[in-house]
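Here's the structure, in structure tokens; my notes come after.
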Amino acid sequence: MILNQHPLILRYNQSNQFGKLLGMNFNIIKAGEVEYFLKLNESHLATPKAAHGGSIAALIDGALGVAALSAVCEENKVVSTIEFKLNYFSPALVKDEIVARAKVEQKGKRIIFCSCEVICANRNNTVIAKAMGTFNAYEASKAGY
């Protein structure tokens, strides 16, 4: 099955109103590996030119989470963020096209560790942030799926 079409992934995509509000979308490359996309506009700004760090953090949390989700959806599980650590290297600017590439580094029975790198596609793939995250996997029914 193509994971982008998995019923849990489709339901997640439908219910993720926050991601829609920010203008984010994703593509699952394979189980445990995802690319999350965001084109920055004026609504993402904190200064006249630079995006609010929360916009980048939201993109990273989404990318890390969907990487983890794609690794457990076949088990009828979803995930929740336990924690993530984020380092910013460079500002993201209005009209930048940023891509968060996340992957599962280690998957246990319940706990999943993921990493993420955020690049600016329209600025020679400059790395603007990196992150690590920890996720809890649990039965989808507990989340209302």
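Side notes on the structure shown:
- Test: residue in the stretch 54-74 that is in a strand (DSSP E or B) and closer than 20 Å to Gly133 by Cβ: no
- Among the residues of the stretch 26-58, those that are exposed (fewer than 15 other Cβ atoms within 10 Å of the Cβ) and either over 29 Å from Ile112 (Cα atoms) or not charged (D, E, K, R) (or both) comprise Asn27, Asn41, Glu42, Ser43, Ala46, Thr47, Pro48, Lys49, Gly53, Gly54.
- Ala67 being under 15 Å from Gly19 (Cβ atoms), surrounded by fewer than 18 Cβ atoms within 10 Å (Cβ to Cβ), under 18 Å from the mean Cα position of the chain (by Cα) and among the aliphatic types (A, V, I, L, M): no
- Candidate set from the stretch 75-89 (those that are within 13 Å of Ala129 (Cα to Cα) and loosely packed, with under 14 Cβ neighbours inside 10 Å); member that is farthest from the chain's Cα centre (by Cα): Phe89
- So Phe37, is it part of a strand (DSSP E or B), touching a residue at least 12 places away in the same chain (Cβ under 8 Å) and either within 30 Å of Asn76 (Cβ to Cβ) or not aliphatic (A, V, I, L, M) (or both): yes
- Looking at Glu97, Glu74, just one residue is touching a His at 6+ places or on another chain (Cβ under 8 Å) and of a type in the set (Asp, Glu), and that residue is Glu74.
- Identity of the residue in the stretch 91-120, among the small types (Gly, Ala, Ser) and assigned to a strand (DSSP E or B), that ends up farthest from the chain's Cα centre (by Cα): Ser115
Every read-out reported here was derived from the displayed coordinates using simple, explicitly stated rules and does not represent laboratory data. The structure presented is a predicted model; accordingly, all values stated were derived computationally and were not measured. Virtual Cβ from ideal backbone geometry, glycine too; neighbours counted across all protein chains shown.
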